[in-house]
Amino acid sequence: ALFIMRMDAREYSLVSYGYFLLKMLVGFMPCTIVMGHFTGTPLWICILMPFFVCSVKLIFLAVIIHNQDSEKNVYNENMPAKVVWICVLLCLAAAYLPLYFGYAIPLWFFAAAAVVSIAAGALCAVKIWRFRDYRRIYKKLLDPTSIFISGSSASVKNQAVSQAYQKKLDTDTSITSSASGYRYFNEIFMRRHSRLLTKSAKRIALIITCAVLLILGSCFLFPQERAAINEIVRMNLPIFLFLVYYINRGTVITQAMFINCDHSMLTYRFYRQPKAILSLFRERLKYVVLINLLPALPLALGLPALLYVTGGGTSPWDYPLMGFSMLAASVFFSVHNLVLYYLLQPYNIEAEQKSAVFGVAKFLTYIVCYAVMLQDIPVSLFAPILSLFCVVYIAVALVLVYRLAPKTFRLRR
């Protein structure tokens, strides 16, 4: 600790980079060697992989430093620009889509790319070594409005997140409702947060609609691909269940509910009474389901259309069952996220997530959806099972909320 305290900004940065790269090499290489042994990958490729990853990180870091040196701006990885998210999505698509369709890059190509990257990474390491303006970068990154860390600075994080939500609120005082009681309370909240809660859902719905129309158009332009698309739609419906899981906005909605409403209201005893909790839960559930149906509806309409255009299903019931299963899955995830929020309310007064059980429940949901996605189940079997499961789960979840939420829906210590 004394050694670190004696460092200046440049020395601390270089030591941090070196430690990070060494930790990645030491930690990543055993994994690649073990996995390579089970998959039959040559040992030299397994050893090359961690060096390739580290070199790519050095190149990216050198690019960031170059931009900061020339334009006097500071890149904050906690606040990525839209172009960064677009690049991330494109990289994920480039990594996984070819594998799904049976294509993989040859070993010689990876070896060549790795050698080039390692050579470029060595040159970039020189750029990082010679960079002198780390102090200005730290001064900007450690500004209270830029940091996102836990512990003693949780209040700073909470304030920053709250300010981000506040900018998206509709503060028009003329917004009102003809309802009464907790229904009035919820309608005012939802209307003032409409832009925050529905913007991403509308955007996802538009993207899915465009994707469905594009695939439909390609079916007419490339008739030879219809059989493959028909096989995917008929036999790989679990993939779309995983997609519904990802586009569901339940987590974002419950977080907004806590930060801009429950964060303060749960400090009042009357707000934690069983009648109040159940009344508000019913009203919230209606809105959460409607919001999440926005991106699910294009799937519910588009998949039967794709099935029909590409050759049809094995039964006329495949079309309504496929559409209904997508809507049922959307309702299921809406109920699931809201029920987890009420039964395992994970946040404390500082908006920190303090429930390990909540994290485990979210992780298990992901694992189950991913495991189901890997199964080849025909629509005639999968759709009825999924729809029935969703109906049963929703009924059980509502009963659990009715009985347990008055005891569990409170601020964490």
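The values are calculated or read from the model by the stated rules, or taken from the named source; none is laboratory data. Remember, it's a predicted structure, so these values are computed and weren't measured experimentally. Quick reminder, even Gly has a Cβ in these numbers, built from the backbone with ideal geometry, and neighbours come from all protein chains shown. Note: areas computed on protein heavy atoms with side chains; ligands, DNA, RNA excluded. Shrake-Rupley method; radii C 1.70, N 1.55, O 1.52, S 1.80 Å.
Structural remarks
- Tabulated pairs, segment 286-310, first in a helix (DSSP H, G or I), second surrounded by fewer than 20 Cβ atoms within 10 Å (Cβ to Cβ) and of a type in the set (Lys, Arg), C-beta under 9 angstrom, 6+ apart or interchain: Leu294/Lys202; Pro295/Lys202; Pro295/Arg203; Val309/Arg226
- Answer residue from segment 34-48, given it is open to solvent by 60 Å² or more (accessible area, probe 1.4 Å) and closer than 16 Å to Leu107 by Cα and is nearest to the chain's Cα centre (by Cα) among those: Met35
- Sole exception among (1) modelled with pLDDT of 85 or more; (2) out of contact with any Gly (no Cβ under 7 Å at 6 or more places or on another chain) for Leu43, by number: (2)
- Summed over segment 179-225, the residues that are within 22 Å of the chain's Cα centre (by Cα), surrounded by 17 or more Cβ atoms within 10 Å (Cβ to Cβ) and not small (Gly, Ala, Ser) give a count of 7.
- All told, Ile277 meets the bar of being touching a residue at least 12 places away in the same chain (Cβ under 8 Å) and touching a Pro at 6+ places or on another chain (Cβ under 7 Å).
- Subset of segment 95-111 (residues that are more than 13 Å from Trp44 (Cα to Cα) and aliphatic (A, V, I, L, M)): Ala95, Leu97, Leu99, Ala104, Ile105
- Beta carbons closer than 9 Å, at least 6 apart along the sequence or on distinct chains, pair a first residue in segment 369-398 that is under 15 Å from Tyr245 (Cβ atoms) and of a type in the set (Val, Ile, Thr) with a second that is open to solvent by less than 70 Å² (accessible area, probe 1.4 Å) and assigned to a helix (DSSP H, G or I) for Val372/Pro238; Val372/Leu241; Val372/Phe242; Val372/Phe382; Val372/Leu386.
- Every pair of residues 6+ apart whose Cβ atoms lie under 6 Å, when the first sits in segment 243-256 and is closer than 11 Å to His193 by Cβ while the second is outside any helix (DSSP H, G or I) and of a type in the set (D, E, K, R): none
- Any hit, segment 316-326, residues being open to solvent by less than 60 Å² (accessible area, probe 1.4 Å), closer than 30 Å to Arg272 by Cα and part of a helix (DSSP H, G or I): no
- Segment 350-393 - residue that is of a type in the set (Gly, Ala, Ser) and open to solvent by less than 70 Å² (accessible area, probe 1.4 Å) and, of those, nearest to Asp318 (Cα to Cα): Ser380
- Out of Val396, Val401, sole residue that is out of contact with any Asp or Glu (no Cβ under 8 Å at 6 or more places or on another chain), over 23 Å from Gly313 (Cβ atoms) and open to solvent by less than 40 Å² (accessible area, probe 1.4 Å): Val401
- Number of the exception - Ser334 against (1) in contact (Cβ under 8 Å) with a residue 60 or more places away in the chain; (2) open to solvent by less than 10 Å² (accessible area, probe 1.4 Å); (3) closer than 30 Å to Ala228 by Cβ: (3)
- From the list Ala395, Ala361, the one residue that fits, being closer than 24 Å to Arg412 by Cα and either assigned to a loop (DSSP other than H, G, I, E, B) or out of contact with any Pro (no Cβ under 6 Å at 6 or more places or on another chain) (or both), is Ala361.
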